[in-house]
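Report on the following structure.
The values are calculated or read from the model by the stated rules, or taken from the named source; none is laboratory data. As the structure is a prediction and not an experimental result, all values here were calculated from the model. Methodologically, a virtual Cβ is constructed for each residue, glycine included, from the backbone with ideal geometry; neighbour enumeration extends over all protein chains shown.
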Amino acid sequence: MPTVLRSSAIVLILLALAACSQDKRSGEPRMRADEPEAAGRPTGVSAEEGHLARGTTATIVDLPAPDTVAPAAFTCAGGNKVDITPHGAVVTLEDGRSVRIDRDAADALHFHGEALEFRMKNGQGDLSQDEGGTFHCTGS
């Protein structure tokens, strides 16, 4: 008889688990992808949610205002010069070579290339070379 009781208890537990998984508990957030009409869409977004998203306008609030007082050119110790362009910077080295370095996508005040790096701060900057040290730069 204990085997019959044990089997009955297992069956009751399995039935209870099946019932819980079919219905969400009250107070639990319901995901849009749980809606039947969302299943047929490749994004898993229901038509109602898509309509709400199309009705909103995107605003840029997290980006800082552009620094209009930042110099566009820097003169650095060691005879180097840095000219800021919209997408990067052009570094003219003391030996006359010009090297283009890209603006860091995550930090608008940081530029980097293969062997050069330039960082602006408070209208000044620092130019670092892999094999030449760091040079302080002033806006010109």
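What is the residue count in region 68-127 for residues that are of a type in the set (D, E) and closer than 15 Å to S140 by Cα?
Summing the residues that are of a type in the set (D, E) and closer than 15 Å to S140 by Cα in region 68-127 gives 2.
Count of region 112-126 residues, restricted to those that are free of Cβ contacts under 8 Å to residues at least 24 places away in the same chain and not charged (D, E, K, R), is 4.
Selection over region 84-99 of residues that are within 12 Å of G125 (Cα to Cα) and not in a strand (DSSP E or B) gives a count of 0. Checking each residue in region 63-83 for being modelled with pLDDT of 90 or more and assigned to a helix (DSSP H, G or I) picks out A77, G79.
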